[in-house]
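Before any comments, here is the structure.
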Amino acid sequence: MITLFESGEHKNVFVNNLSTGHMIQANQHVIVNNGEGIILDPGGHKIYTKLFSMLSTEVNIKNLKYIFFSHQDPDIVAATNGWLMVTDATAFLSGLWMRFVPHFGVDEMVVERITAIPDEGMTIDLGGNPLKFIPAHFLHSSGNFQVYDPTAKILYSGDLGASIGQEYDNVTDFDAHIPLMQPFHERYMPSTKALKMWVNTVRQLDIEIIAPQHGAMFPNKEMSARFIDWIDSLQCGADIMGDSYPIPA
Ligand code: FE
């Protein structure tokens with residue numbers, strides 16, 4: 001696992017090379033504080049075994065307290081049952097998706113450990129330090145959250161900030177990076193207003209790193225600010241489409 005931040009008993013690590021074949025590349029993040037851990041968007045069955053063994057080098061599995069799901073997509077929630085069966089963790093997911101995830105098959109004995117995040121978000125305690133679940137609805141899912149870690153000053157932005165096809169972990173040339181983000185954001189992000197709400201929200205946070213679930217990170221204040229400015233200027237989704245669709249011939 002690659003270390004993003006480490007100070008005293010607080011550590012932020014990630015792994016980015018477990019997706020193979022037809023799977024979209026995805027980053028799996030872990031935060032450990034005073035021996036307690038949370039895993040963010042752990043992904044599906046194909047990476048579950050490898051991720052689980054890598055995770056155990058960072059935190060005693062008994063102390064994996066939380067599993068966070070930013071939204072309901074398969075690259076995030078598909079292995080929910082496995083994670084709940086082998087840990088005692090509490091999983092968090094938008095209340096909008098609570099009745100959908102059990103369709104992946106979640107045993108009766110563990111389903112009660114999936115906890116609804118209210119629309120307005122919430123703060124949890126990880127080993128004595130806070131973590132904030134920040135609302136980022138419609139980016140891209142209608143019930144969607146990001147994680148802000150005030151200790152490391154990292155915003156885990158889920159699908160927002162995703163890039164596809166880059167061969168680096170950290171964005172250093174923002175302008176060169178734009179073409180790797182733009183098509184994804186124009187099509188997967190449904191609403192320009194939702195982007196503006198996000199910009200107005202995260203400008204209240206002290207951010208050193210923005211870490212999306214796919215592709216490269218914005219590794220410092222300067223790149224994170226450029227990303228926020230870029231989102232502020234972007235038009236997306238329904239707002240850049242026409243007034244109707246042609247009927248397929
Ligand atoms: Fe998604």
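How far is it, in nm, from the label point at M122 to the one at E108 when both lie 7 Å from their Cα along the line to the Cβ? Between M122 and E108, the simple spin-label model gives 2.5 nm. In the chain, the DSSP-assigned H stretches of four residues or longer account for a calculated mean residue ellipticity at 222 nm of -7500 deg cm²/dmol, using -39500 (n - 2.57) per stretch and the full residue count as denominator.
Fully extending the segment from H45 to F174, taken as 0.36 nm per residue of separation minus the present Cα-Cα distance, adds 43.1 nm.
When only Cα pairs below 8 angstrom with a gap of at least 6 residues are kept, region 2-239 shows a relative contact order of 15 percent.
Once you reduce region 192-249 and region 133-168 to the center of their Cα atoms, the two points are 10 Å from each other. Here the chain is treated as an ellipsoid with the same Cα gyration tensor; its semi-axes, largest first and in whole Å, are 28, 22, 18.
When the pairs K11/K132; K46/K132; K65/K193; K46/K196 are compared against a 25 Å limit on Cα-Cα distance, K46/K132; K65/K193; K46/K196 fall above it. Note on the chain: GNM, Cα springs under 10 Å; of F52, F92, F100, the largest mean-square fluctuation is that of F100. Relative to the current alpha-carbon distance between K221 and I164, full extension at 0.36 nm per residue lengthens the span by 18.3 nm.
At the listed q of 0.21 Å⁻¹, the Debye profile of region 179-248, built from one uniform point per Cα, gives log10 I(q)/I(0) equal to -0.95. Computed from Cα atoms, the angle from the helix 192-202 axis to the main principal axis of the chain rounds to 50 degrees.
Among DSSP beta bridges lying fully in the chain, give the percent that are antiparallel, nearest 5. Could the numbers behind the result be given before it?
On the way: 30 of 46 bridges.
Taking every DSSP beta bridge within the chain, about 65 percent pair in antiparallel fashion.
Would you mind counting up the charge near L84? Only other residues with Cβ under 12 Å from its Cβ, with Lys and Arg at +1 and Asp and Glu at -1. Can you show the working numbers first?
Numbers: positive: R113; negative: D88, D107, E108, E112.
It works out to a net charge of -3.
Taken together, the values in this text are just the output of simple stated rules run on the coordinates, not laboratory data. Computed from a predicted structure; not experimentally measured. When we count neighbours, we look across all protein chains shown, and the Cβ atoms used for this are built from the backbone with ideal geometry, even at glycine.
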